Structures are given as structure tokens and as C-alpha cells.
Amino acid sequence: MTISRRPLLLGALGALAAPPLVRAQGTSTAWTRDAYLAAMRASGRETTITEANFTAIQARKPAAMRRIETYLKARFNGEADPAVMRAFETLPREYFHWNYEGRSNQAGVAYENDPKPWGLGYGSALSDYLGQAYMTQVCAPKPEHVVLEIGTGSGFQAALLSRCVARQYSIEIINPLGSAVQRIFAPLGYSNVETRVGDGFFGWPEVTGGFDTIIVTCAAQYVPPALIQQLKPGGRLVIPIGQPFRRGQFLYIYTKDEDGRVRSRKDVGVYFIPMTGTMMNRPRPADAPNPEGAPARPAPAPAAAPAQPAG
């Protein structure tokens, strides 16, 4: 997706069951090279990394955190949500840098100075971390929230939100990717994440009571009606809308009033890979919300940032 005039792509996630073998940063067990290798092994991604390379990755993180804070403050009236910042600080991003199709480790590029998307294989990507920070703060996560993500990808966005909310669900349509990413959460001790392989067009109707927030991390041509139906009164849907592989996509934020009335506002320009499955072969339903026709309040333009091609 391209956020605030810069592109980014978003990702995927997975389910948990077993007790954690190791814990990530911010917990009682230190995040060391040995802990990283143990977590990778437990998630089915056996790899190696030198102590020097692991140390270099950690040394880049403080600068990346400052970059995230500056970015959020520039786009949210001087405020970087402390919960979002804590989640980023806790999450070891290098753990999510992995190409599932090529089974290759990309941890060495984590916390890069020029944030950009990184390929996961199967046509999916790990979004750039500034865009993921923006999307997370737009979701306005709260500790009591139940959240659904459409498009699990790497699992980073789901893991990030899971550090802020009570329960996180995510759906990935690409079977080999979704099945593999399901294994990555338990080794970190993230027990409030549940994922499945399926078509996100239909949401997750089995979750009783619906969702406080639904975040879509792929570009839809229109809003799937099921997502609006599964949104709680007072909830919000964050969704990129536009044509596949074309510029002119925009992030829209839908809210549902307590009386069930749906409103939308147009946010920033984005560039995401397309939502596939039913979205690609079903005409726009008559009851799909129309962002152009819904009551809208234009979002204030964020500070400009150079656009870059997503990939």
C-alpha cells in the first residue's frame, strides 16, 4: 500500500496452541540470538545467523523507532499512540522477514533506513514499517477490542495489533502462506491470535458479537457487505479501495454508529496488492457501501512523503 503518498503492502498471520518456547522483546526472557534461532526452529523456519549480524540488526532498531515516532507525529497532529509505539518496541521485526516460497531468511534487512516492502513469495509482501505503523494507529486499538484482519501475509500486522488488543483474528487466502504463518505466533507466546486460510470477502461470521475493528490489507474494488455486517456498533473498518495494480487507490475509514448507520471518509493514497477470490469474480452487490455516496468528511492531508513502487 502507499501510505501518505508512499506505498506499502500489508501482510498475514497465524494461529496458536502450544506454550511458548521463547519470548520476544519486552518480556521476562531476553531476545537473544539463541532465542531468535529457537523461535525460528519452533515455527518451522530453521535458519542460521551470526552473532555479529544479529547484533547489527538490534543496533538499527532504536533509529527505526525514532523514525516511526516522527512519522506518526507528522500525520496524527503531533501524537504517536503510546500503545502502538510499545507494540513496535516489543515485536522483533526480524522474526517476520522470511520468504516462504523460497524458504530464505531476510532478517538482515530488518529496520532498514529506507523502509520498503519485502517479498514473502506467493505474490505477497511484508509492508514497510512506517505504513504498518500508520495503519495500526488509524485502527485506534484498545485493550478490550476484538479485531479482524483480512490478508495475513507475514503475520507482522496481526502480531502488532495483538499486542494492543484483547483478541486478534486474521484470514489469509493463499494456502501455503497462511498455513506456514499459522506456526509463527506460539513460539513468541502470542496466545491471543487466531488465524485461518480462507476468503476474507466473507469475514469470520463464527466470531460471536463481531469486531470492534476490521483492517483489510489488500485492495478491494468495493466493500464486502459481510465486513460491514460483522462490524460492531461503534466499530471501524479500515480498507483500501481501488482497481488492482493501479494507482488511484485510497484508504477509506468506515464507522458504524450505535444505530447501525454507516459513514465513511477518504483518507490517504495507498497502493496494495489486490484482494483475490470472490472479490475478483463477483459483481459489486447492491448492498455494498459506496464510499463516494456515503456521508464523508475529508481527512486532513498528511505531510507529503515521496512515493515509491510497492513490491
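Listing ARG67, ARG41, ARG246, ARG163 from the residue with the fewest other Cβ atoms within 10 Å to the one with the most, what is the order? List each step's numbers first, then the result.
Values: ARG67 17, ARG41 14, ARG246 10, ARG163 22.
Lowest count first: ARG246, ARG41, ARG67, ARG163.
What ranking, highest mean first, results for peptides 69-76, 174-181 when packing means the other Cβ atoms within 10 Å averaged over each residue?
In descending order of packing, they fall as 174-181, 69-76.
Identify the GluC sites (Glu not before Pro) of the stretch 80-181 meeting these criteria: DSSP loop state and at most 10 other C-beta atoms within 10 Å of the C-beta.
Filter output for the stretch 80-181: GLU144.
Would you pull out the residues with amide H under 5 Å of LEU237's amide H, same chain only if 5 or more places away, H placed 1.01 Å from N?
Correct list: ILE214, TYR254, THR255.
Enumerate the amide H contacts of GLN249 below 5 Å, restricted to partners 5 or more residues apart or on another chain; note that Pro and chain-start residues carry no placed amide H.
Amide H to amide H, under 5 Å and 5 or more residues apart or across chains, GLN249 pairs with VAL270.
I want to check the label-to-label distance for ASP259 and ARG60. Put each point 7 Å from Cα in the C-beta direction and report it in nm to one decimal.
For the pair ASP259/ARG60, the computed spacing is 5.2 nm.
Need one number: the % of Cα-Cα pairs in the stretch 155-281 sitting beyond the 17 Å mark.
Beyond 17 Å sits 60 percent of the P(r) for the stretch 155-281.
Between GLN229 and GLU101, with labels modelled 7 Å along Cα→Cβ, what's the label distance in nm to one decimal, could you check?
It works out to 3.3 nm between the two label points.
In a shell of Cβ-Cβ distance under 12 Å around ARG236, excluding ARG236 itself, what net charge do Lys and Arg (+1) and Asp and Glu (-1) give?
Residues close to ARG236 contribute a combined charge of +2.
Values in this text are rule-based calculations from the coordinates and carry no lab data. All values derive from a computational prediction rather than experimental measurement. Ideal geometry is used to build each Cβ from the backbone, glycine not excepted, and the neighbour counts take in all protein chains shown.
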